[in-house]
1. Testing residue 74 on (1) surrounded by fewer than 15 Cβ atoms within 10 Å (Cβ to Cβ); (2) at positive phi, one condition comes back false. Which one is that?
2. Considering only residues of the range 1-13 that are touching a residue at least 40 places away in the same chain (Cβ under 8 Å) and more than 15 Å from the chain's Cα centre (by Cα), which is surrounded by the most Cβ atoms within 10 Å (Cβ to Cβ)?
3. Just for the range 64-97: of the residues that are free of Cβ contacts under 8 Å to residues at least 24 places away in the same chain and out of contact with any Asp or Glu (no Cβ under 6 Å at 6 or more places or on another chain), which one is nearest to residue 10 (Cα to Cα)?
4. Among the listed residues 107, 59, 38, identify the single one that is touching a strand residue (DSSP E or B) at 6+ places or on another chain (Cβ under 6 Å), under 21 Å from residue 144 (Cβ atoms) and modelled with pLDDT under 90.
5. When you look at residue 194, is it modelled with pLDDT of 95 or more and among the polar types (S, T, N, Q), yes or no?
6. Here is a list: 100, 139, 180. Which entry is farther than 19 Å from residue 62 by Cβ, part of a loop (DSSP other than H, G, I, E, B), free of Cβ contacts under 8 Å to residues at least 60 places away in the same chain and of a type in the set (Lys, Arg)?
7. Somewhere in the range 169-187, is a residue polar (S, T, N, Q), modelled with pLDDT of 95 or more and more than 26 Å from residue 228 (Cβ to Cβ)?
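The values are calculated or read from the model by the stated rules, or taken from the named source; none is laboratory data. Bear in mind that the values here come from a model prediction, so they are computed numbers and not experimental data. With ideal geometry, Cβ positions are generated from the backbone for all residues, glycine too; neighbour counts draw on all protein chains shown.
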Amino acid sequence: MMDGIINVYKEKGYTSHDVVAKLRGILRMKKIGHTGTLDPDAEGVLPVCLGKATKLCDLLTDKTKTYQAVMLLGQETDTQDTTGTVLARYPVDVTEDEVRGAVESFLGPYMQVPPMYSALKVNGKKLYELARAGKEVEREARPVEILEIHVDAVELPRVTMTVSCSKGTYIRTLCYDIGRKLGCGGCMEHLLRTRVDVFELADSLKLSQIEQLRDRGEVERHVTPVDGVFAALPAYMAVPGEGDKLVHNGNPVSGELVVRRGGTPAEEACMKDAGQVLQAHSFEQGELGKMLFNPQKNIRVYDSEGRFIGVYGYEESKRRYKPLKVFLGG
């Protein structure tokens, strides 16, 4: 069974759950989890965690994401994209400068009202289920942040833009809000996710490509290892015997029972490459990330045979390391 993260290109027409189901068949393994949904009609980067790396899903879900979106001005729909029913049409009587000004005005934090066609729950019911039943409920605006936004092309009534945003941002709703600000309405026509944290579009693999790699026995070369995520933390190995016994059972271990890992030149080169692929500082958002990625207090721990155990944090008062996130088990 493989353990790590694979950068999947989600194709149009698939749900994120479809991707996971198909990967289970391709890789012949059950323990697989994605790191944040993409709408069925959207395409692009979907990092997928394999095996023990599923414990990283909660870290990756919170990451900054980048999209390229095509906004269609002049109409509003019930889904806020062109797959929905048109609710209103308006003349598009705006200039390119007005479009650019409206788009760029959304840079920074803003309160966004989630769309009815979303998986958010209200009183235990998913909003899209209520919407399909013809019901609309009041939704509270939630704080989101547009970290970067710029217009790539204006070919009215279409506007192509690139957006980097925080977790929980709906690009469909952003298009709707921009259209409202311009006074001509708007909805999303196409969405491509180009980046999730350090996972880039150029490195993503379609399911068919992963299947070909499997047949050639080369999939693992494209999987970021679990310990590579924590490459910025110093690495230590448990001493044989008592040290191994403690870390294998998930127990705290004294400083005397772990030693700094030097590793062979090949191992050190491997870890250096992993660190370049996935810089640990990029995961520091969120409480769990802040707890784990602290190279002043935390270490990577391996057993005496070089198997990655997990991340341990130093307890000053007890002069020992305690486990913070363990990956040795299933």
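1. Status for residue 74: all satisfied but (1).
2. 3
3. Only one residue fits best here, namely 86.
4. Result: 38 is the single residue among 107, 59, 38 that is touching a strand residue (DSSP E or B) at 6+ places or on another chain (Cβ under 6 Å), under 21 Å from residue 144 (Cβ atoms) and modelled with pLDDT under 90.
5. Considered against the rule, which asks whether it is modelled with pLDDT of 95 or more and among the polar types (S, T, N, Q), residue 194 comes out as yes.
6. Testing whether each residue is farther than 19 Å from residue 62 by Cβ, part of a loop (DSSP other than H, G, I, E, B), free of Cβ contacts under 8 Å to residues at least 60 places away in the same chain and of a type in the set (Lys, Arg) leaves just 139.
7. yes
Condition check ((1) of a type in the set (A, V, I, L, M, F, W, C); (2) surrounded by fewer than 18 Cβ atoms within 10 Å (Cβ to Cβ); (3) not assigned by TED's automatic domain parsing to the domain that holds residue 219; (4) not in a helix (DSSP H, G or I)) across all residues:
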{"residue": "18", "(1), (2), (3), (4)": "no, yes, no, no"}
{"residue": "21", "(1), (2), (3), (4)": "yes, yes, no, no"}
{"residue": "24", "(1), (2), (3), (4)": "no, yes, no, no"}
{"residue": "29", "(1), (2), (3), (4)": "yes, yes, no, yes"}
{"residue": "46", "(1), (2), (3), (4)": "yes, no, no, yes"}
{"residue": "57", "(1), (2), (3), (4)": "yes, yes, no, no"}
